[in-house]
Amino acid sequence: MTKGQKIGVIVPIYNEEENLPELKRRLSLVLDSTGLDYEVILVDDGSKDGSLNLMREYNAKDPRWKALSLSRNFSHGSACTAGLDYIDADAVVFVDADLQDPPELIPEFIKKWREGYEVVFGARTGRPESFLRQAVTGVFYRLLNSMSATPLPLDAGIFSLLDRSAADSLKKLPERHRYLTGLRAWVGYKQISVPYERQSRHASEPKQSVAKLVSLAFDAIFGFSSTPLRAATLLGLVMAAGSFLFSLDVFYDKFFTDKPIIGWSSTMVLISWTGGMILFTLGIIGEYIGRIYDEIKQRPIYLIKERIGI
Ligand code: UDP
Ligand code: MG
């Protein structure tokens, strides 16, 4: 298979001034070593530190290093999408700025791409994260997979290479809530994973807050599965059946025995329990409705304030 010769790298950036110089150094080394033509798009997702100034500096020195600056902080997924819309390459690589995903793996990705794989993604074997975070993510990914109609890769993130065909398909997906790992699995094509050990952050703290991770997890669940809706229906059925049996029992006690009808505490328990379940299922429905609303508004996924070298 003859493949084109240009690699495009997309890096989402939110307050990464401490990581950018090292990223630039290591990524340049790796990309130069491939002997291929390349361009890098650094996407500034509304950084408040000196990241954007560094990007301007890099572009002035080397026009292959380009940048997009979004009008505010959108999200990791939005930043990656912006990069995807502007990159011009035969194969696109997504990599985080914090060097948790080693750029040195990119030649391995390219090798698989040359073998004919259109999607090559890194699968994390070790995680430098705390035991708790590992356990939570492990359970989450497995749960998600059991619910999703699309088989989603376990322990994979955005670190990947996409052939132009797969990248163009990913670009066509219009949704606002962008769980890119899932969307990448959804587009299909010939996919393969490359195992690697995830490193600790090169510098500074994670930029994805816990709230952002939770919202990403919700995007993954509600964007890739309608199992929660079915579970709500089942829960309703089970509770209706249970309360029917219970009312038969109460009816029997009232008319055929001398037993007093059970009192206040059991009533309160039942009321609060059903109330809780009703709110819970309403919440599930609400998650879907909120997503429908977000889609209907048709707001853009990101807004660009400045293009540097593009
Ligand atoms: N990031 C971003 N927008 C955000 C949060 C993060 O562009 O709102 C970038 C961040 O600068 C980094 C990448 O996304 O390059 C991954 O972020 P982080 O390392 O915090 O996530 P984690 O590795 O914990 O998943
Ligand atoms: Mg990280």
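Can you say whether Ala217 is closer than 25 Å to Tyr179 by Cβ and open to solvent by less than 40 Å² (accessible area, probe 1.4 Å), as far as the supplied structure shows? Full working, then the answer.
On the way: closer than 25 Å to Tyr179 by Cβ: yes; open to solvent by less than 40 Å² (accessible area, probe 1.4 Å): yes.
Answer is yes for this residue.
Once the range 189-212 is narrowed to residues that are out of contact with any Gly (no Cβ under 7 Å at 6 or more places or on another chain) and over 18 Å from Ile158 (Cβ atoms), the residue that is farthest from ligand 2 (Cβ to nearest atom) is Ala211. Applying a threshold of 6 Å to beta carbon distances and a minimum spacing of six or more residues, or different chains, the list of pairs starting in the range 78-107 at a residue that is among the aliphatic types (A, V, I, L, M) and ending at one that is within 16 Å of ligand 2 (Cβ to nearest atom) and part of a loop (DSSP other than H, G, I, E, B) reads Ala79/Asp45; Val95/Asp101; Ala97/Glu16; Ala97/Asn19; Leu99/His202.
Given the residues Ile271, Ile284, Ile304, which is the only one that is closer than 30 Å to Ser47 by Cα and either β-branched (Val, Ile, Thr) or in contact with a Pro (Cβ under 9 Å, 6 or more places away or on another chain) (or both)?
Details: Ile271 fails: closer than 30 Å to Ser47 by Cα; Ile284 fails: closer than 30 Å to Ser47 by Cα.
Going through Ile271, Ile284, Ile304 in turn, the sole match is Ile304.
Assessment of the range 153-172 against the conditions (touching a residue at least 60 places away in the same chain (Cβ under 8 Å), under 17 Å from the mean Cα position of the chain (by Cα) and farther than 24 Å from Val9 by Cβ) yields no matching residue.
Mind listing just one residue for me: the one in the range 5-32 that is under 14 Å from Asp90 (Cα atoms) and outside any loop (DSSP other than H, G, I, E, B) and, of those, most open to solvent (accessible area, probe 1.4 Å)?
If we take residues in the range 5-32 being under 14 Å from Asp90 (Cα atoms) and outside any loop (DSSP other than H, G, I, E, B), then Lys6 is most open to solvent (accessible area, probe 1.4 Å).
Scanning the range 26-43 for residues that are of a type outside the set (A, V, I, L, M) and free of Cβ contacts under 8 Å to residues at least 60 places away in the same chain gives Ser28, Asp32, Gly35, Asp37, Tyr38, Glu39.
Run down Ala60, Ala67, Ala97, Ala79 and say which single residue is more than 13 Å from ligand 1 (Cβ to nearest atom) and among the small types (Gly, Ala, Ser).
Details: Ala67 fails: more than 13 Å from ligand 1 (Cβ to nearest atom); Ala97 fails: more than 13 Å from ligand 1 (Cβ to nearest atom); Ala79 fails: more than 13 Å from ligand 1 (Cβ to nearest atom).
Result: Ala60 is the single residue among Ala60, Ala67, Ala97, Ala79 that is more than 13 Å from ligand 1 (Cβ to nearest atom) and among the small types (Gly, Ala, Ser).
For every residue, the table says whether it meets (1) closer than 22 Å to Ala232 by Cβ; (2) open to solvent by less than 80 Å² (accessible area, probe 1.4 Å); (3) of a type outside the set (Asp, Glu).
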| position | (1), (2), (3) |
| --- | --- |
| Trp273 | yes, no, yes |
| Ile278 | yes, no, yes |
| Ile285 | yes, yes, yes |
| Gly290 | yes, yes, yes |
| Glu295 | yes, yes, no |
| Ile301 | no, yes, yes |
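Of the numbered conditions (1) over 25 Å from Glu108 (Cα atoms); (2) touching a Gly at 6+ places or on another chain (Cβ under 9 Å), Val40 satisfies every one except a single condition; which is it? Val40 satisfies all of (1) over 25 Å from Glu108 (Cα atoms); (2) touching a Gly at 6+ places or on another chain (Cβ under 9 Å) except (1).
Looking across the range 229-244 at every residue that is within 15 Å of Gly283 (Cβ to Cβ) and of a type in the set (A, V, I, L, M), the one that is least open to solvent (accessible area, probe 1.4 Å) is identified as Ala232.
The values are calculated or read from the model by the stated rules, or taken from the named source; none is laboratory data. This is a predicted model, so every value here is computed, not measured. All Cβ positions, even for glycine, are placed from backbone atoms using ideal geometry, and neighbour counts span all protein chains on display. In case anyone asks, the SASA skips ligands and DNA or RNA and just uses the protein heavy atoms, side chains included. Shrake-Rupley method; radii C 1.70, N 1.55, O 1.52, S 1.80 Å.
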